[in-house]
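The values are calculated or read from the model by the stated rules, or taken from the named source; none is laboratory data. This one's a predicted model, so the numbers in the text were calculated from it and none came from an experiment. Here the Cβ positions follow ideal geometry from the backbone for every residue, glycine too, while neighbour counts run over all protein chains shown.
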Amino acid sequence: MPGLGITFGRGGATTFQQDLQHSDCILIQGSNMAECHPVGFQWVMEAKARGAKVIHVDPRYTRTSAVADVYAPIRVGTDIAFLGGLIHYVLEHERYFRDYVVQYTNAATLIREGFQDTEDLEGLFSGYQPKDNRYDIHTWQYQGAAGAIPAAGHKELTDEPGAGGGGHDHRVDVHDEHRDETLQHPRCVFQLLKRHFSRYTPKVVSQVCGVDEALFLQVAQTLCDNSNPERTSAFCYAVGWTQHSVGVQYIRTAAILQLLLGNIGRPGGGILALRGHASIQGSTDIPTLYNLLPGYLPMPHAHATTEGLEHYIRNNKSGSGWWSEFPKYAVSLLKAWFGDKATKDNDYLFHHLPRLTGNHSHMQTVADMADGKLQGYFVMGENPAVGSMNGALQRKGLRQLDWLVVRDFTLIETAEFWRTAPEVQSGQVRPEDIQTEVFFFPAAAHTEKDGTFTNTQRLLQWHHKAVEPAGDTRSELHFTYHLGRKLRELYADSTDPKDAPLLDLTWDYPTHGPYAEPSAEAVLKEINGYTVADGKPVDGFTALKDDGSTVCGCWIYSGCFKDGVNQTARRKPGQEQTWVAPEWGWAWPANRRILYNRASADANGKPWSERKRYVWWDAGEKKWTGEDVPDFIADRPPEYRPPEGATGLATIAGNDPFLLQADGKGWLFAPSGMMDGPLPTHYEPMESVVPNPLYAQQCSPTREEWKRKDNPYHRAWGDPRYPYLVTTYRLTEHHTAGGMSRWLSWLSELQPEMFCEISPELAREKGLNNGDWCTIATARGDLECRALVTERIRPLKVKGRRVHQIGLPYHWGVTGRVRGEGANELTAFVADQNVDIQESKAFTADLRVGRMRSGERAAAGAAPPALTVPEVPRDVTPHTDHTEAQEPEGKG
């Protein structure tokens, strides 16, 4: 989550769900929390019972909206405009928390003279390089700082100085002459922020988002009235914000807003990133991501193959702030993987790590697969034929493989792609022409294995095996461990250097039971870390060393097995401990529940108010104390200021609550780390119904496109073939791509059939009645579903025209007890360059009456209808006058 990581320093939720009960206002946007996170939503209802205001901003009126005090409808893909309008309101009406902003953010910091904003460049920032589809960030840097300021929360970036390239000792030393705490200097961050969001007025927000101006002002006033020293407001979001070509900037905008209001690090405040299921957070902490090592350490790059560990560390450590400790975490990880064979003399076998050669994200991998560049593919806990964008292109990739391994509970669509896919049923593809050999392994459910979940709030919770897995069913841990064991046996006598990494691994986990199940607790102990000399578990990451004397599989999880006790398995009842409940499970880092909680006290270490006291400085004991583990150096007094020439942890001042940031401040302005600009900017989705009302630049200038015949795009805006906006969502009764729910009779009975939500106005326009069959089509494919005619989704007025939106759940596929075609038959490969996530929450489509599905797919050779109007550009070019572009006639 670099939107949070870039702004605050860590890519995780800043607060925990139980703390929502202390909020005075909760703004839920990009989430239908009541239906998608119903257990956590109890804390929203608790806050409401205590008098909190609940605001819901969403394209659809849902069960979350039904209990909200304020519901604001919004056009999909325009959240930055809405949030930017809130920032404009806060700045224009001076509702920001001034002392917090001056002390704890980079608002007072001056930016280099060469910086130019989107106000100057038609929607672009200075440094844009259209040929390379990226920015040169030189002009974004702090005045007087040498080189680039390293970004704490996005260290996997391929070529960013301080995040995998550059080779400098990055120390941030912002002198007083480069700060203006009056916030008046025209190049201070605060003034740049005011200018950037100056055009995001309530009137403009209304015209862009389709929300009534008075309703928007009600949201703004409610949020501001509940954000001050005595009151705090929280934000909750989910994939309704992330799955966009500018999704990271959605989150950045909310983060900026929360910094201005002084809501970060304080009880009842913060930003809660609502994760999609039980351990999505865990799958980024100990990553399934191609460009990260455990604990958000960056993967080394192929361009540095001749360089060793020293170069890697020099590139990625920071000379100031907590990332100055980077060497300890890297060396301890290498010791965990390679054990006694990793020594100082051989660079701790750093050369064994794989190297990045480019973009190996999911979409690029599938595109390469479709082009015949991959031989084999493992699919574990995933159903890309249904759950991933452009399902037909996913299946085209699978058809080009030599072999495919699928591990799941049942024969999901990815395992059955060769015989049940829509393009097979339509006759476009013949099963006998598919040469892929499919291996299916039945997988154990979470009830059939030990392990941990890391949930929405960074909380590790141990789950105990309840029953033995049946038949040939095995856990992922069993599969991976024994696959590795057999491979090591196969290559045991090899002297080929390329096999050395496999043979040098520490692959000695104890096993138990008749099927030699590896011990999940032994893995957790290794993740926690221990001292090499005696095998004693370390207490936490502050005990790690860079001299090879400690082992640690993931530094941010260090402490989860403190004192040799599985801290994640603790279950002390809430009534027997404080409301923070520190003895239920274990949260990273260091069992802290609210991150950046130093900011809950003022610059002198006193709580901003007694009502919102959380962590404070105890002058008598000379240490930080409070309701939670202080997120600060425990004995560093508030008055401490770094001496001249200080490095490492000594650079963290007593009033720097964001201690992973190189300057200790929350970043309103991001001098590095963001691929698409230092400040969030409204761009339209890749496919829209209107031109960008704010800038000449239509779409994100750094978006990732896959321009292929098997991935066709619509006109940038106003495509007469596809005049309606579509958004996707999930239901309470089904789970993600349906592999865990469409085979269960009880859940299938509750939601038996694929449907689309449309407004009564659109239904009348198309001649549809509730329950009628209809067809939704894009250039990629089409699907049939039932029409659910409802006032929950309504047409909006955008720049004087009526815009219709269609809602689609995405859980269905062609296997299971209940069947239907998935929403991802319609979506395209297009991504946010920051994180390579798809844009499946906003695209255009056509709606047709009746069962008109062709079943043909562009990825299997079908051609979309011809475009009958001229194309319009998505990018600013020197010879393009966007004001002359005319909207084509057609319903929208």
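See the values below:
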item	result
Extreme residue, surrounded by the fewest Cβ atoms within 10 Å (Cβ to Cβ), among residues of the stretch 538-566 that are out of contact with any Leu (no Cβ under 7 Å at 6 or more places or on another chain), without any contact (Cβ under 8 Å) to a residue 40 or more places away in the chain and farther than 25 Å from Asp345 by Cα	Asp563
Filtered residues of the stretch 608-664 (kept if buried (at least 19 other Cβ atoms within 10 Å of the Cβ), among the acidic types (Asp, Glu), modelled with pLDDT of 95 or more and over 20 Å from Val580 (Cα atoms))	Asp656
Only one of Glu35, Glu46 that is under 24 Å from the mean Cα position of the chain (by Cα), among the acidic types (Asp, Glu) and not in a loop (DSSP other than H, G, I, E, B)	Glu35
Selected residue (criterion: farthest from Tyr61 (Cα to Cα)) from residues of the stretch 758-788 that are of a type in the set (D, E, K, R) and surrounded by fewer than 22 Cβ atoms within 10 Å (Cβ to Cβ)	Glu784
Positions within the stretch 496-510 being surrounded by 14 or more Cβ atoms within 10 Å (Cβ to Cβ) and without any contact (Cβ under 8 Å) to a residue 12 or more places away in the chain, in sequence order	Asp499
Extreme residue, surrounded by the most Cβ atoms within 10 Å (Cβ to Cβ), among residues of the stretch 433-453 that are among the small types (Gly, Ala, Ser) and assigned to a loop (DSSP other than H, G, I, E, B)	Ala444
Flag if Trp337 is aromatic (Phe, Trp, Tyr), surrounded by 19 or more Cβ atoms within 10 Å (Cβ to Cβ), touching a residue at least 40 places away in the same chain (Cβ under 8 Å) and farther than 30 Å from Lys373 by Cβ	no
The stretch 217-240: number of residues that are assigned to a loop (DSSP other than H, G, I, E, B) and not β-branched (Val, Ile, Thr)	5
Residues being under 19 Å from Asn263 (Cβ atoms) and either at pLDDT below 95 or not hydroxyl-bearing (Ser, Thr, Tyr) (or both) - total across the stretch 96-108	8
Meets criteria (at pLDDT 95 or above, at positive phi and in contact with a strand residue (DSSP E or B) (Cβ under 9 Å, 6 or more places away or on another chain)) for Gly144	no
Pairs where the first residue, in the stretch 115-133, is within 15 Å of Ser198 (Cα to Cα) and the second is at pLDDT below 95, C-beta under 6 Å, 6+ apart	Glu122/Val876
Condition met for Asp534 (in a loop (DSSP other than H, G, I, E, B), closer than 30 Å to Asp345 by Cβ and within 30 Å of the chain's Cα centre (by Cα))	no
Counted residues, the stretch 29-57 - those being among the hydrophobic types (A, V, I, L, M, F, W, C), touching a helix residue (DSSP H, G or I) at 6+ places or on another chain (Cβ under 6 Å) and closer than 27 Å to Glu757 by Cα	6
Per-region count, the stretch 55-83, residues under 22 Å from the mean Cα position of the chain (by Cα) and part of a loop (DSSP other than H, G, I, E, B)	7
Per-region count, the stretch 737-766, residues closer than 28 Å to Ala862 by Cα and not in a helix (DSSP H, G or I)	8
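Residue-by-condition table, conditions (1) at pLDDT below 95; (2) touching a helix residue (DSSP H, G or I) at 6+ places or on another chain (Cβ under 7 Å):
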residue: Pro59; (1), (2): no, no
residue: Ile74; (1), (2): no, yes
residue: Leu86; (1), (2): no, yes
residue: Glu92; (1), (2): no, no
residue: Leu110; (1), (2): no, yes
residue: Ser126; (1), (2): no, yes
residue: Gln129; (1), (2): yes, no
residue: Thr139; (1), (2): no, no
